[in-house]
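The values are calculated or read from the model by the stated rules, or taken from the named source; none is laboratory data. These numbers come from a predicted model, not from an experiment. In this analysis, Cβ positions are derived from the backbone assuming ideal geometry, glycine residues included, and neighbour counts consider all displayed protein chains.
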Amino acid sequence: MKKYSILLAIIALILASLACQTIMGGGDVPNLPNVPDVNNGGDDTTAPTSPPETNDGGDITVGGESPFPVTSDAFNVTSTSETLSFQTKLSADDVMKFYRDEFGKQGLTEDASLSVTFGNTFTLTFTGHESGKNVYLVGADAGDGSLYVTIALG
């Protein structure tokens, strides 16, 4: 049991770190014409930024279309081509059922040996994605009656 708790904690931390790095633009910035080289100590005050795609009174969507389905009540949505993070008021059981059904329709199969659930915290792993990568679904209680959900290819 302790082994699964450690595995769940490590996966949740990795996915949260990747999501934060993606959202915050971590890593090297490519050299663009007429933009100082910020990778080598240049001034980054003129680096172009992208505004959020939409902003619906505090429910933020950053990024673009996600390759993953999202629950109908999702809010604070962020997405990239390989990740999706959002909050929902659905229960952990309802979120897991939703994604088991949706990913099943897409031909993905849950790998029960890599899936862990503990109360309102869970990590589900699905195989069979067209990229050859696993799809990881992680949920954690936000403490305010909602659930943080992150989906990532890895």
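Worth a mention:
- Pairs linking a residue in segment 54-76 that is farther than 12 Å from Q87 by Cβ and among the acidic types (D, E) to a residue that is modelled with pLDDT of 80 or more and surrounded by 15 or more Cβ atoms within 10 Å (Cβ to Cβ), with Cβ atoms under 8 Å and 6 or more positions apart or on different chains, are E65/S79.
- Within segment 118-133, if we keep just the residues that are free of Cβ contacts under 8 Å to residues at least 24 places away in the same chain and among the β-branched types (V, I, T), the residue that is nearest to S91 (Cα to Cα) turns out to be T125.
- Residue list for segment 91-126, restricted to those being more than 11 Å from G139 (Cα to Cα), of a type outside the set (F, W, Y) and in contact with a strand residue (DSSP E or B) (Cβ under 7 Å, 6 or more places away or on another chain): R100, L108, T109, E110, D111, L114, S115, T125
- From the list D93, D141, D111, D101, the one residue that fits, being touching a helix residue (DSSP H, G or I) at 6+ places or on another chain (Cβ under 8 Å) and either without any contact (Cβ under 8 Å) to a residue 12 or more places away in the chain or acidic (D, E) (or both), is D141.
- Summed over segment 88-98, the residues that are surrounded by fewer than 18 Cβ atoms within 10 Å (Cβ to Cβ) and either under 10 Å from the mean Cα position of the chain (by Cα) or under 13 Å from S146 (Cβ atoms) (or both) give a count of 3.
- For segment 102-145, a residue qualifies if it is part of a strand (DSSP E or B), under 17 Å from Q87 (Cα atoms) and not aliphatic (A, V, I, L, M), and the qualifying residues are T121, F122, T123, Y136, G139, D141.
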